[in-house]
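The values are calculated or read from the model by the stated rules, or taken from the named source; none is laboratory data. The structure presented is a predicted model; accordingly, all values stated were derived computationally and were not measured. Quick reminder, even Gly has a Cβ in these numbers, built from the backbone with ideal geometry, and neighbours come from all protein chains shown. Accessible surface is based on the protein model in full, side chains and every heavy atom, while ligands, DNA and RNA are left aside. Shrake-Rupley method; radii C 1.70, N 1.55, O 1.52, S 1.80 Å.
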Amino acid sequence: TGQFLHESPYDSLANASVANLYLRNAQLAGHDLKGVDFRDSNMCDANLEGADLTGAALDDVDLSRSNLRHAKLDYASCYRTRLSRADLTGVRATQVHFLEAALEHAIASDADFTGAEFQQVNMHGTRADGAVFRNCQFEGCDLSRGSFRRAVFSGSQLAQVNLEYACLTDALVR
């Protein structure tokens, strides 16, 4: 018996707790969701385009197939977050800690992940053309079969990363 949140009558849910809720297909585009605790929620197929999720708790949240185009995720917590096949085009996710997260087959073109940490993250088949991974830490990640054309990895550390069949054409890696 899940709880549903299709539309909020408020422009801001900042610092609210909506943990462990059924939020599939939630329509929260453009909402102020700073610091919201979404832990353990099902948010598959949600529309969060342009939403501000700065500092949000997204641990164990399923955001598969969700639209996060141009959303702000700075300083969010993403432990075991599922973003498989999500659209992260133009997202800003600086200083985010992705631990055991699933981003396989996600679209993250032109996204900014400056200063983010990626530990044990599955990015198999992810398309991140033109994305910025400046000063990031990658440890034990799977980037195989991903597309990182024109991506910027300057100052990043890559340890035990699977890059098999990944495309790094015109990527900046120094």
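Can you spot a residue in the range 84-91 that is aliphatic (A, V, I, L, M), crowded, with 19+ Cβ neighbours inside 10 Å, under 24 Å from Val152 (Cβ atoms) and in contact with a Ser or Thr (Cβ under 9 Å, 6 or more places away or on another chain)? The answer is yes, given that some residue of the range 84-91 is aliphatic (A, V, I, L, M), crowded, with 19+ Cβ neighbours inside 10 Å, under 24 Å from Val152 (Cβ atoms) and in contact with a Ser or Thr (Cβ under 9 Å, 6 or more places away or on another chain).
Comparison of Asp110, Asp129, Asp170 shows that the only residue that is open to solvent by less than 30 Å² (accessible area, probe 1.4 Å) and in a loop (DSSP other than H, G, I, E, B) is Asp129.
The set of residues in the range 157-171 being among the small types (Gly, Ala, Ser) and over 12 Å from Gly130 (Cα atoms) consists of Ala159, Ala166. Scanning the range 133-157 for residues that are in contact with a strand residue (DSSP E or B) (Cβ under 7 Å, 6 or more places away or on another chain), closer than 12 Å to Ser109 by Cα and either surrounded by fewer than 23 Cβ atoms within 10 Å (Cβ to Cβ) or among the hydroxyl-bearing types (Ser, Thr, Tyr) (or both) yields Ser147, Arg149, Val152. From the list Ser17, Ser41, Ser8, the lone residue that is modelled with pLDDT of 95 or more and not basic (Lys, Arg) is Ser41.
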